[in-house]
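Working notes for the structure below.
The values are calculated or read from the model by the stated rules, or taken from the named source; none is laboratory data. Note that the coordinates shown come from a computational prediction; the quantities given were computed from them, not determined experimentally. Reconstructed Cβ throughout: ideal geometry from the backbone, glycine too, with neighbour counts over all protein chains shown.
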Amino acid sequence: MSGTKNPGMMRTFLGRARGSGSARAGLDHWRAQRLTAIALLPLTIYFVISVLVLLGADQATMIAYMHKPWNAVLFLSLIASLFYHLHLGLQVVIEDYVQDSVRRVGTLLAMRGLVILFGVLAGYAVLKLAI
Amino acid sequence: MQDIRDASMRGRNTEGRMVARPLSPHLQVYKPQMSSTLSIFHRITGVFLGLGALLLSLWLACAAASAAAFAFAQGLVDTIFGMIVLFGFTVALFYHFANGIRHLAWDAGYGFELPEMYRTGYAVIAACVGLSVLVWIIGLVIG
């Protein structure tokens, strides 16, 4: 561990951990996955409650719901955290199962494109309902 | 690895023909356990919920598009098939949610002992079933 060579040197734990391991990368991915997961804990509870509140709704009800600033903001936060978390998760799945390096890069890029596209679609829809 | 042929698992048998070399069975013989089963289901529910996220996007897009488009989307959900799919997503969500908390506890350093792993595993299954049933009872009473 490079951080312990000079015990007097001031370094954060993250600073010490970055760059470790054979691949020299991946700590940021690991951390982002956990941070989005933690953000998604309350946001998921909010989402489930929203779904129950919006059961059988028509468009007018949806518009009224998203016009309330808290609902729009929480939904946008949910969408951002969810799609980032989804991207990180699918990335490791593809890295595990697609062995051919050319196919893997293509699959990862295609997945990222789709996730971003649907994420932006969801965000756009919420904004359109809210504004 | 001395010989590249090791990577492709090919070799010659005693008659000189190229054959696929035999591999040890693993998934076919390893007994499924709480650890491995819950782990793979975390991955499976994660990918399945990804599909759910795409459908959520489309549902929101219909709501933003027009009253007719949203009525159509809600109509699809209201069918027997729609309800089954929605229940599937509910179970997947609560499983991934509960097991996700278990993962976060592991990241913080708690719960690695074998008995603890089994206890928290059963708790995850119970929470998943319990929450799914509870939310659906609430939903059916309300709607």
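Structure notes:
- The set of residues from segment A:90-113 being loosely packed, with under 13 Cβ neighbours inside 10 Å and either of a type in the set (S, T, N, Q) or touching an Asp or Glu at 6+ places or on another chain (Cβ under 6 Å) (or both) comprises A:Gln99, A:Ser101.
- Checking A:Ile79, A:Ile63, A:Ile116 one by one, the residue that is surrounded by 19 or more Cβ atoms within 10 Å (Cβ to Cβ) and either touching a Pro at 6+ places or on another chain (Cβ under 6 Å) or modelled with pLDDT of 95 or more (or both) is A:Ile79 and no other.
- Per-region count, segment A:73-131, residues among the polar types (S, T, N, Q) and under 14 Å from the mean Cα position of the chain (by Cα): 3
- Top-ranked residue of segment B:26-52 - restricted to ones that are small (Gly, Ala, Ser) and buried (at least 19 other Cβ atoms within 10 Å of the Cβ), ranked as nearest to the chain's Cα centre (by Cα): B:Gly46
- B:Thr79, sole failed condition from (1) within 11 Å of another protein chain (Cβ to nearest Cβ); (2) of a type in the set (Ser, Thr, Tyr); (3) out of contact with any helix residue (DSSP H, G or I) (no Cβ under 6 Å at 6 or more places or on another chain): (1)
- Single residue of B:Thr37, B:Thr45 found to be away from every other protein chain (no Cβ under 14 Å), in a helix (DSSP H, G or I) and modelled with pLDDT of 95 or more: B:Thr37
- Filtered residues of segment B:82-103 (kept if of a type in the set (Gly, Ala, Ser) and either more than 12 Å from every other protein chain (Cβ to nearest Cβ) or over 13 Å from A:Leu41 (Cα atoms) (or both)): B:Gly82, B:Gly88, B:Ala92
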